[in-house]
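The values are calculated or read from the model by the stated rules, or taken from the named source; none is laboratory data. A quick note: this is a predicted structure, and the numbers were derived from the prediction, not measured. No Cβ is skipped: glycine too gets one built from the backbone with ideal geometry, and neighbour counts run over all protein chains shown.
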Amino acid sequence: MKYFILIITFILTSNVYAQNINISVKTNLDLNCKFEKVIIKNAEHNFVSFTNNQIKRENLKSLKIIAKNPDILIIENLSKFINKINLEVKISNKDIILIQAFDQERNYSESAVFTRSTGEFIHEITKKINSDEKEKDISFYSCKKNNQDT
């Protein structure tokens, strides 16, 4: 599990550009995701893990993932930032859905990975990217479908 997290973190935190688009599987998902745990790195915590019993976080209700060939991938109800920004990385295949977006200054990013087979959803927020005091918030959710893939 640690290696999986490290690989995903590496993928999500590397500088990526718009050519990272691959929609090979059409998707229309409506998910309810239960918050499981978070890993926080900031001035107070250095990659400290907190479970849902230790920290208050909202569940993701009606998280929508819509993917259409050749390059349309829409994520709704994840965050206000993702709702209003163009995604730089958009991947949807039979195994995973991966997204990443940066603000205009490239000093803030949000990334997410949904694993279809397990229902695991990881949402990473990185702040102060251009600073030595980079902050990360990596939330883990367990998701169940409200509908089937179409």
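Annotations for the structure displayed:
- Taking the range 42-75 as the range and being hydrophobic (A, V, I, L, M, F, W, C), surrounded by 15 or more Cβ atoms within 10 Å (Cβ to Cβ) and more than 16 Å from Ser142 (Cα to Cα) as the test, the residues that pass are Ile66, Ala67, Leu73, Ile74, Ile75.
- Residue within the range 95-105 that is out of contact with any Phe, Trp or Tyr (no Cβ under 9 Å at 6 or more places or on another chain) and of a type in the set (Asp, Glu) present: yes
- Any hit, the range 56-67, residues being farther than 17 Å from Asp95 by Cα and of a type in the set (A, V, I, L, M): yes
- The residues of the range 50-76 that are over 22 Å from Ile39 (Cβ atoms) and without any contact (Cβ under 8 Å) to a residue 24 or more places away in the chain, listed by number, are Ile74, Glu76.
To keep it simple, each residue is scored yes or no on (1) modelled with pLDDT under 95; (2) within 15 Å of the chain's Cα centre (by Cα).
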| site | (1), (2) |
| --- | --- |
| Asn93 | yes, no |
| Ile96 | yes, yes |
| Asn107 | no, no |
| Thr115 | no, yes |
| Lys127 | no, yes |
| Tyr141 | no, yes |
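- Filtering the range 62-81 for residues that are touching a Leu at 6+ places or on another chain (Cβ under 7 Å) and on the phi > 0 side of the Ramachandran plot leaves a non-empty set.
- Qualifying strands (runs of 3 or more DSSP E) (wholly inside the range 33-144; at least 3 residues being polar (S, T, N, Q) and over 15 Å from Ile21 (Cα atoms)): 46-51
- Residue within the range 24-41 that is polar (S, T, N, Q), surrounded by 19 or more Cβ atoms within 10 Å (Cβ to Cβ) and within 17 Å of Phe140 (Cα to Cα) present: no
- Test result for Val38, at pLDDT 95 or above and within 15 Å of the chain's Cα centre (by Cα): yes
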